[in-house]
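Student: My questions all concern the structure below.
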Amino acid sequence: MNYTLAGIPIKNYLVASSSPLTESVERLICCKEAHFSAAILKSCANYKRIGRGYGRKIVYVKNGYYADASFENEILTLNEGIELFQNAHSLIRDDMLLIPSVSALSLEAKEWINSCKQFEKLGAKVIQLDFFYLGTLKHNDEFYQSLKILLSTLKKHLDCMVMPKLNLKFEPNKICKTLKDSGISYVSLLDSIRENPDKKYNLHPDNTSYFGPKQLPLTLEYLKAAKKHGLFVCAGGGIAKREDVEVLIQNGADMIQVASYVLNRGYSFTKDLLPDTVDYDFHNPILKHNPWCDSQRPGDCDHCGACAPHILP
Ligand SMILES: Cc1cc2nc3c(=O)[nH]c(=O)nc-3n(C[C@H](O)[C@H](O)[C@H](O)COP(=O)(O)O)c2cc1C
């Protein structure tokens, strides 16, 4: 089977989702060694970081986990995103497709175009548009109309492909129709579930998301809506076993993206999700790298909780 993304031949269907897996050059090299065919870089936005907010905190629960972090901690600045793309590109070249992920806090076309143009100039062929932080806007008819104007404007000003990332704020059919009517062909799904966790976990309700198998039925719902509108879908969210990959492919997913399955187990576990034909080197030391961070010494540890013992969902 031959796979292409935005006309670029790639080696298989497995894409690393924008997440800690793709947050540094070291971890992007791990993604390449783990046979991902493409990696969506950690999202960046054109903003000035004032202070560091509060750090990432991970709490494992019975059937998944919560992740909490402030915007300043979770979103790279545009310069950091550009540096990550350039440095990774100079080492990885054509061995894995690098897809920058751009975010912004408004539907103002200027904001999105300026960031996307910079990546396009550096050779990006596909850019993910991370709409997560538009969540505070009311998703009424006016919103979908403004989104259509934004996407049509982006299409007009950019040569590269843009791939909006959907989240649960969007009504599946309305958003997929809006994408199609704006001339968009690619869509990335699905972001996490915003949840108000139990107070005992001491997390910030406004910035906490749930990750786990509860997401998969929602991913399927958005996938079906996207295929109904003829979109190319890079689908993921809630994958907990190989059969979940098969279900998404049977329902029309063109590519499969994954974060938590690998974050919770390690890079070498991509082998569970890849076609059996992939030639895997299980002794490759690079695959032992921590998927959550690059700290080597105990003194560098942020104590985010990701390495705490947990039961896999
Ligand atoms: C700690 C963490 C940070 C994330 N940051 C981003 C991000 O910056 N941009 C983005 O588009 N998605 C981000 N995601 C969401 C993932 O890309 C993905 O949509 C989500 O984890 C669901 O897929 P999964 O079930 O395979 O984990 C993040 C996920 C986690 C766990």
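The values are calculated or read from the model by the stated rules, or taken from the named source; none is laboratory data. Because the structure is predicted, anything quoted here is derived from the model rather than measured. Note: ideal-geometry Cβ built from the backbone for every residue, glycine included; neighbour counts use all protein chains shown. Heavy atoms of the whole protein, side chains included, go into the accessibility calculation; ligands, DNA and RNA do not. Shrake-Rupley method; radii C 1.70, N 1.55, O 1.52, S 1.80 Å.
Student: Does Glu72 satisfy the criteria of being at pLDDT below 95, part of a helix (DSSP H, G or I) and not polar (S, T, N, Q)?
Tutor: Yes.
Student: Just to verify a result, which residue in region 210-247, among those that are among the hydrophobic types (A, V, I, L, M, F, W, C), closer than 21 Å to Met161 by Cβ and in contact with a helix residue (DSSP H, G or I) (Cβ under 9 Å, 6 or more places away or on another chain), is surrounded by the fewest Cβ atoms within 10 Å (Cβ to Cβ)?
Tutor: Phe232
Student: Taking strands (runs of 3 or more DSSP E) that do not extend beyond region 7-50, which have at least 3 residues that are open to solvent by less than 10 Å² (accessible area, probe 1.4 Å) and under 19 Å from Ile82 (Cα atoms)?
Tutor: Passing ranges, in order: 38-40.
Student: OK, next. What pairs come out if I take residues in region 278-306 that are touching a residue at least 24 places away in the same chain (Cβ under 8 Å) and pair them with residues that are small (Gly, Ala, Ser) and outside any loop (DSSP other than H, G, I, E, B) whose C-beta lies under 7 Å away, six or more apart or interchain?
Tutor: As it stands, the answer is Leu287/Ser268, since those pairs meet every condition given.
Student: Check whether at least one residue in region 289-311 is among the hydroxyl-bearing types (Ser, Thr, Tyr) and touching a helix residue (DSSP H, G or I) at 6+ places or on another chain (Cβ under 8 Å), and report yes or no.
Tutor: No, that holds for no residue.
Student: Quick check on region 152-163. Is at least one of its residues within 14 Å of the ligand (Cβ to nearest atom) and out of contact with any Pro (no Cβ under 8 Å at 6 or more places or on another chain)?
Tutor: yes
Student: Do we have any residue at all in region 99-122 that's touching a Cys at 6+ places or on another chain (Cβ under 9 Å), more than 16 Å from the ligand (Cβ to nearest atom) and farther than 26 Å from Asp206 by Cα?
Tutor: Yes, region 99-122 contains a residue that is touching a Cys at 6+ places or on another chain (Cβ under 9 Å), more than 16 Å from the ligand (Cβ to nearest atom) and farther than 26 Å from Asp206 by Cα.
Student: Going by the structure shown, is Ser19 out of contact with any strand residue (DSSP E or B) (no Cβ under 7 Å at 6 or more places or on another chain), closer than 19 Å to Gly305 by Cα and at pLDDT 95 or above?
Tutor: yes
Student: Given the conditions (1) under 17 Å from the mean Cα position of the chain (by Cα); (2) within 14 Å of the ligand (Cβ to nearest atom), and given that Gly64 satisfies all but one, which numbered condition is not satisfied?
Tutor: Unmet for Gly64, out of (1) under 17 Å from the mean Cα position of the chain (by Cα); (2) within 14 Å of the ligand (Cβ to nearest atom): (1).
Student: Hey, Leu189 hits all of (1) away from the ligand (no atom under 12 Å from the Cβ); (2) open to solvent by less than 20 Å² (accessible area, probe 1.4 Å) but one; which does it fall short on?
Tutor: Answer for Leu189: the failing condition is (1).
Student: Another one. If we keep just the residues of region 218-237 that are free of Cβ contacts under 8 Å to residues at least 40 places away in the same chain and under 18 Å from the mean Cα position of the chain (by Cα), which is nearest to the ligand (Cβ to nearest atom)?
Tutor: Thr219
Student: Same structure again: Could you please give the count of residues in region 272-283 that are out of contact with any helix residue (DSSP H, G or I) (no Cβ under 8 Å at 6 or more places or on another chain) and open to solvent by less than 70 Å² (accessible area, probe 1.4 Å)?
Tutor: Counting residues in region 272-283 that are out of contact with any helix residue (DSSP H, G or I) (no Cβ under 8 Å at 6 or more places or on another chain) and open to solvent by less than 70 Å² (accessible area, probe 1.4 Å) gives 2.
Student: State whether one or more residues within region 110-131 are within 22 Å of the chain's Cα centre (by Cα), more than 26 Å from Ala39 (Cβ to Cβ) and of a type in the set (D, E, K, R).
Tutor: Among the residues of region 110-131, not one is within 22 Å of the chain's Cα centre (by Cα), more than 26 Å from Ala39 (Cβ to Cβ) and of a type in the set (D, E, K, R), which makes the answer no.
Student: Would a scan of region 128-140 turn up a residue that is farther than 26 Å from Gly212 by Cβ and modelled with pLDDT of 95 or more?
Tutor: Among the residues of region 128-140, not one is farther than 26 Å from Gly212 by Cβ and modelled with pLDDT of 95 or more, which makes the answer no.
Student: From (1) free of Cβ contacts under 8 Å to residues at least 40 places away in the same chain; (2) more than 15 Å from the ligand (Cβ to nearest atom); (3) among the charged types (D, E, K, R), pick out the condition that doesn't hold for Lys169.
Tutor: Failing condition for Lys169: (2).
Student: If you take the residues of region 142-166 that are free of Cβ contacts under 8 Å to residues at least 24 places away in the same chain and out of contact with any helix residue (DSSP H, G or I) (no Cβ under 9 Å at 6 or more places or on another chain), which of them is farthest from Lys110 (Cα to Cα)?
Tutor: Among residues in region 142-166 that are free of Cβ contacts under 8 Å to residues at least 24 places away in the same chain and out of contact with any helix residue (DSSP H, G or I) (no Cβ under 9 Å at 6 or more places or on another chain), the one farthest from Lys110 (Cα to Cα) is Glu142.
Student: Taking region 67-96, which residues are within 14 Å of the ligand (Cβ to nearest atom), of a type in the set (D, E, K, R) and open to solvent by 20 Å² or more (accessible area, probe 1.4 Å)?
Tutor: Glu72, Glu74, Glu80, listed by residue number.
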